[in-house]
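Data block below; observations after.
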Amino acid sequence: MELTILYRGPLASCDYDCPYCPFAKRRDSREQLRADRAALERFTAWVAAQTGDRVSVLFTPWGEGLVRSWYRRAIVELAGLEQVRRVAIQTNLSGRTRWLAEAPAAARERIALWCTYHPGQTPYERFLARCEELKGLGVRHSVGIVGLDDHLGEAHRLRAALADEVYLWVNAAEGHTYTDEEADRWTAIDPLFPYSRHPHRSAGLPCRTGESVISVDGEGTVRRCHFVRAELGNLYDGSYRRALGPRTCPLAVCDCHIGYVHLETLPLYDVFAGGVLERIPAALPLSPVAATGTRGD
């Protein structure tokens with residue numbers, strides 16, 4: 001079986017406090033951190049036991065994972081497993097990156113980072129240096145920024161500094177409506193921005209989540225994705241397997257990339273072929289696309 005897993009454990013603490021961030025804001029206690037570590041180690045052990053399957057993993061923590069040793073260790077361990085096609089994580093890239101050199105070259109080819117630059121939270125030079133380190137280590141990575149007016153200059157600066165083969169994506173700011181002129185400015189930086197500009201109608205449309213893509217929390221509860229709360233079973237007792245199958249989306253719209261990228265009505269599995277988890281397009285540079293999402297009104 002081919003399975004893509006979006007894993008989100010209880011970790012919610014972050015070393016940044018971006019005002020536009022929709023994620024949880026919490027300072028995890030030692031007990032909460034121990035629980036997160038135990039949950040991640042249990043998950044890693046489960047993946048290691050799946051010798052008959054092919055597994056890809058994207059860590060999408062509410063907080064910042066790579067400042068925690070157990071996430072760094074889990075990524076290296078998972079990348080060394082033959083059954084793991086890809087292991088990726090969303091990160092603000094605030095932590096050191098040299099730990100990736102600990103992974104053997106063959107394993108490092110399976111690791112990918114989805115890196116977000118947050119102006120005002122980290123010095124530009126430090127973030128760019130980390131990107132250069134990733135390039136030097138041969139680690140696949142995409143780089144992105146939230147499409148706020150205050151970020152436009154930094155986005156242009158970053159695009160000019162990054163290598164052409166590094167995709168710079170732009171996320172539409174949550175709750176923000178873009179005029180066509182504003183959208184054009186962001187599309188000039190990220191030709192795929194039109195996919196992010198509007199939520200996508202999804203009600204009744206076929207989606208890979210719940211069939212070949214699942215969401216797993218720290219308790220092992222399996223859902224089709226992070227945004228549909230109905231449970232499919234549990235990862236660790238295997239009960240989720242009998243619930244897997246083709247499904248249509250029960251929600252009116254899908255407005256997050258890690259959700260709508262799996263909609264079968266969008267061409268994004270072709271656009272990101274080989275790089276769906278880490279948000280890396282199959283071909284660069286990109287040409288602008290027509291806006292395909294609508295707000296359902």
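Here's the yes/no breakdown for (1) open to solvent by less than 40 Å² (accessible area, probe 1.4 Å); (2) closer than 22 Å to residue 261 by Cα; (3) more than 18 Å from the chain's Cα centre (by Cα); (4) without any contact (Cβ under 8 Å) to a residue 60 or more places away in the chain:
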| site | (1), (2), (3), (4) |
| --- | --- |
| 196 | yes, yes, no, no |
| 201 | no, yes, yes, no |
| 206 | no, yes, yes, yes |
| 231 | no, yes, yes, yes |
| 237 | no, no, yes, yes |
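Which one is surrounded by the fewest Cβ atoms within 10 Å (Cβ to Cβ), of the residues in region 27-52 that are assigned to a loop (DSSP other than H, G, I, E, B) and among the polar types (S, T, N, Q)?
51
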Quiz item: Could you give every pair whose Cβ atoms fall below 6 Å, whose first residue belongs to region 269-285 and is under 12 Å from residue 169 (Cβ atoms), and whose second residue is of a type in the set (A, V, I, L, M), counting only separations of at least 6 or pairs across chains?
Solution: 278/88; 278/112; 281/271
Quiz item: Among the listed residues 140, 157, which satisfies the condition of being open to solvent by 50 Å² or more (accessible area, probe 1.4 Å) and in contact with a strand residue (DSSP E or B) (Cβ under 7 Å, 6 or more places away or on another chain)?
Solution: 140
Self-check item: region 266-297, subset over 17 Å from the mean Cα position of the chain (by Cα) and over 22 Å from residue 206 (Cβ atoms), residue modelled with the lowest pLDDT
Solution: 297
Quiz item: Between residues in region 112-130 that are in contact (Cβ under 8 Å) with a residue 12 or more places away in the chain and more than 19 Å from residue 65 (Cα to Cα) and residues that are in a helix (DSSP H, G or I) and open to solvent by less than 30 Å² (accessible area, probe 1.4 Å), which pairs lie under 8 Å by C-beta distance while being six or more apart or on different chains?
Solution: 119/151; 124/158; 128/158
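On the given criteria, is residue 24 under 22 Å from the mean Cα position of the chain (by Cα), at pLDDT 85 or above and open to solvent by 30 Å² or more (accessible area, probe 1.4 Å)?
For residue 24, the condition - under 22 Å from the mean Cα position of the chain (by Cα), at pLDDT 85 or above and open to solvent by 30 Å² or more (accessible area, probe 1.4 Å) - is not met.
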Quiz prompt | Close pairs (9 angstrom Cβ cut-off, 6 or more residues apart or separate chains): in a helix (DSSP H, G or I) in region 96-107, loosely packed, with under 14 Cβ neighbours inside 10 Å and of a type in the set (S, T, N, Q) anywhere | solution = 99/69
Exercise. Residues being over 30 Å from residue 179 (Cβ atoms) and part of a loop (DSSP other than H, G, I, E, B): count how many of those fall in region 108-157.
Key: 5
Practice problem: For residues that are open to solvent by less than 40 Å² (accessible area, probe 1.4 Å) and touching a Phe, Trp or Tyr at 6+ places or on another chain (Cβ under 9 Å), scanning just region 169-183, find the one that is nearest to residue 21 (Cα to Cα). | Solution: 173
Quiz prompt | Where residue 163 falls short, out of the listed (1) assigned to a loop (DSSP other than H, G, I, E, B); (2) small (Gly, Ala, Ser); (3) at pLDDT 95 or above | solution = (3)
Quiz item: If you check 84, 67, 55, 76, which single one turns out to be under 28 Å from residue 137 (Cα atoms), out of contact with any helix residue (DSSP H, G or I) (no Cβ under 9 Å at 6 or more places or on another chain) and crowded, with 16+ Cβ neighbours inside 10 Å?
Solution: 67
Practice problem: Report yes if residue 187 is closer than 29 Å to residue 153 by Cβ, of a type outside the set (Phe, Trp, Tyr), buried (at least 19 other Cβ atoms within 10 Å of the Cβ) and in contact with a strand residue (DSSP E or B) (Cβ under 9 Å, 6 or more places away or on another chain), otherwise no. | Solution: yes
Exercise. Considering (1) closer than 22 Å to residue 278 by Cβ; (2) part of a helix (DSSP H, G or I); (3) open to solvent by less than 10 Å² (accessible area, probe 1.4 Å), say which one residue 5 fails and leave the rest.
Key: (2)
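The values are calculated or read from the model by the stated rules, or taken from the named source; none is laboratory data. This one's a predicted model, so the numbers in the text were calculated from it and none came from an experiment. Using ideal geometry, Cβ is built from the backbone for each residue, glycine included, and neighbour counts are taken over all protein chains shown. These area figures cover heavy atoms from the full protein model, side chains too; ligands, DNA and RNA do not enter into them. Shrake-Rupley method; radii C 1.70, N 1.55, O 1.52, S 1.80 Å.
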